[in-house]
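Inspection log for the structure reproduced underneath, given as structure tokens.
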Amino acid sequence: MTCVPLDAKAEGSHKDEGGGREQTKNGDKVDCIDIYKQLAFDHPLLKDHKLQRKPSFQKSSMKNLATKPNFKLEKVKCPKGSIPVRRTTKEDLIREKQLLNMSIFVKDIPGVHLAELALSSKFSPYYGVRGYNSVYNPPVSKGQISLSHVWVQNGPINSNNKITFGWQVSPDLYGDNKTHIYASWTKDNFHKTGCYNVRCPGFVQTNVEFYLGGDVGDISSYGGPVFDSIYYITMDPETKNWWIHTTGEDIGYYPAKIFSNLTSADKVGWGGRTLTRHGSPSPQMGSGHFPDKNLYHACYFRTIYFENASRIKYGPKRYQTEKYVDKPKCYDLTYYGNVHGIGGYMLQFGGPGGKCDD
């Protein structure tokens, strides 16, 4: 699709206030924003920020991502000098604020459940995390979220700095039951800072065709076919900005300046989470099935790696990992280590959900 440019600050690119607008084949309403007028630069710490168009590690690091993704995001053709941004209405922002108040990323909140594998802080610091993740569309109702992600974090619980990147289903965030690519950030465990995608100043988008919040399109089915793509968070060794990468594309970065304690990560991880209203049944996670080592059944992360201080990529050894599954009757996770072949260092996670708190 093609759209016309819109002045983000003059017209309110993330509010329902007119301007250049188009609709993608998947139904997303998208605005084309001047790359220098995107919402990120409204952040008080980014007033004098110099846009980094490409990561400094582009040539040496990305060429190693040899496996091609087998699902596609819809491209948007914006005029030169502008970027596509999924439109956000005032109602979207209100619903998002309510969801962040009971944040899915705070595991001790009632209604939040998880099945995640993390690398222990004993072996930190970490500078990157990646893995090929199968994409599903678990059935989700209003007031619920089901997601899969990679993440990096640092700091104590009340001032936790964190970036997450993956896919999620959330009718409240997107107004539909589709699977969307997403990212989030915070520097205080979502007490006062942070948001999803580009709904607050912070994330700097550099990609001129792909955008956060987009419909992922191809969805896996139990028994096949299975569609997956890489999700990759890594720190630029020169600028210290945290870049996110998928489907062979750099989407953009979180500037180092917006964080208080993320010069490196003391934990990184992979897995899934769900959220539901307290007392309500929880939605499915992943494919809705428990791990069984069959790539065509449960949701997986394959060829997972982390980066150390030398920016060398390693597959996690079992002794380096910590498993977090709070409701094993609803969800589970199994880390298989190195299964070789297409799987590499692999884990599966997910489950049917249900009445997890009974």
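Sort out which residues of the stretch 294-315 are in contact with a Ser or Thr (Cβ under 9 Å, 6 or more places away or on another chain), farther than 17 Å from TYR136 by Cα and modelled with pLDDT of 95 or more, and write them in order of number. Once the filter is applied, which keeps residues that are in contact with a Ser or Thr (Cβ under 9 Å, 6 or more places away or on another chain), farther than 17 Å from TYR136 by Cα and modelled with pLDDT of 95 or more, the stretch 294-315 yields THR303, GLU307, GLY315. Taking the conditions exactly as written (within 16 Å of the chain's Cα centre (by Cα), at negative phi and free of Cβ contacts under 8 Å to residues at least 40 places away in the same chain), does TYR182 satisfy them or not? Considered against the rule, which asks whether it is within 16 Å of the chain's Cα centre (by Cα), at negative phi and free of Cβ contacts under 8 Å to residues at least 40 places away in the same chain, TYR182 comes out as yes. Note on the stretch 164-200: residues that are outside any strand (DSSP E or B) and of a type outside the set (Lys, Arg) amount to 18. Of all residues in the stretch 106-120, those satisfying the criterion of being at pLDDT 70 or above and of a type outside the set (D, E, K, R) are ILE109, PRO110, GLY111, VAL112, HIS113, LEU114, ALA115, LEU117, ALA118, LEU119, SER120. When each of GLN205, GLN168, GLN144 is tested for being crowded, with 19+ Cβ neighbours inside 10 Å, free of Cβ contacts under 8 Å to residues at least 24 places away in the same chain and not aromatic (Phe, Trp, Tyr), the lone residue that passes is GLN168. Tell me whether the stretch 148-158 contains one or more residues that are under 11 Å from the mean Cα position of the chain (by Cα), under 23 Å from LYS47 (Cα atoms) and buried (at least 24 other Cβ atoms within 10 Å of the Cβ). Looking for residues that are under 11 Å from the mean Cα position of the chain (by Cα), under 23 Å from LYS47 (Cα atoms) and buried (at least 24 other Cβ atoms within 10 Å of the Cβ), one finds none in the stretch 148-158, hence no. For the stretch 244-269: of the residues being closer than 23 Å to ASP215 by Cβ and hydrophobic (A, V, I, L, M, F, W, C), which is nearest to the chain's Cα centre (by Cα)? Filtering first and then ranking leaves ILE244.
Here are some residues: SER220, SER282. Which one is farther than 30 Å from LYS75 by Cβ and at pLDDT 95 or above? Before you say what the answer is, go through the steps one by one.
Details: SER220 fails: farther than 30 Å from LYS75 by Cβ.
Answer to the selection: SER282.
The one condition from (1) surrounded by 20 or more Cβ atoms within 10 Å (Cβ to Cβ); (2) at pLDDT below 95 that TYR231 does not meet is (2). Of the residues making up the stretch 211-223, one or more are part of a loop (DSSP other than H, G, I, E, B), polar (S, T, N, Q) and out of contact with any strand residue (DSSP E or B) (no Cβ under 6 Å at 6 or more places or on another chain). Annotation note: Cβ proximity below 6 Å between a residue of the stretch 249-276 that is farther than 17 Å from GLY202 by Cβ and of a type in the set (Lys, Arg) and a residue that is at pLDDT 95 or above and part of a strand (DSSP E or B) (sequence gap 6+ or interchain) occurs for LYS267/ALA118; LYS267/GLN153; ARG273/LEU114; ARG273/LEU147. Yes or no: the stretch 123-130 includes at least one residue that is modelled with pLDDT of 80 or more, of a type in the set (Ser, Thr, Tyr) and buried (at least 21 other Cβ atoms within 10 Å of the Cβ). Checked against the condition, which is being modelled with pLDDT of 80 or more, of a type in the set (Ser, Thr, Tyr) and buried (at least 21 other Cβ atoms within 10 Å of the Cβ), the stretch 123-130 yields at least one hit.
Scoring CYS200 on the criteria (1) surrounded by 24 or more Cβ atoms within 10 Å (Cβ to Cβ); (2) on the phi < 0 side of the Ramachandran plot leaves a single failure, condition (1). Filtered by the rule that a residue be at pLDDT below 90, crowded, with 23+ Cβ neighbours inside 10 Å and under 19 Å from PRO283 (Cβ atoms), the stretch 175-197 gives a lone residue, TYR196. Checked against (1) within 24 Å of GLY344 (Cα to Cα); (2) not in a strand (DSSP E or B), LYS240 passes all but condition (1).
Filtered by the rule that a residue be buried (at least 22 other Cβ atoms within 10 Å of the Cβ) and either among the aromatic types (Phe, Trp, Tyr) or in a helix (DSSP H, G or I) (or both), the stretch 270-326 gives TRP270, TYR300, PHE301, PHE306.
Contact map, the stretch 210-227: residues that are closer than 12 Å to SER134 by Cβ and free of Cβ contacts under 8 Å to residues at least 60 places away in the same chain paired with residues that are crowded, with 16+ Cβ neighbours inside 10 Å and charged (D, E, K, R), Cβ distance under 9 Å, separation 6+ or inter-chain. Pairs shown: PRO225/ASP218.
Please enumerate the residues belonging to the stretch 201-210 that are touching a His at 6+ places or on another chain (Cβ under 9 Å) and either modelled with pLDDT of 95 or more or in a strand (DSSP E or B) (or both). Explain how you work it out, then say what you get.
Quick first cut of the stretch 201-210, residues touching a His at 6+ places or on another chain (Cβ under 9 Å) only: 201-202, 204.
Within the stretch 201-210, VAL204 is the sole residue that qualifies.
For the stretch 143-162, the set of residues classified as part of a loop (DSSP other than H, G, I, E, B) and of a type in the set (S, T, N, Q) consists of GLN144, ASN160, listed by residue number.
The values are calculated or read from the model by the stated rules, or taken from the named source; none is laboratory data. This structure is a prediction, so every number in the text was calculated from the model and none was measured. Positions of Cβ are generated from backbone atoms using ideal geometry, with glycine treated the same way; all protein chains shown enter the neighbour counts.
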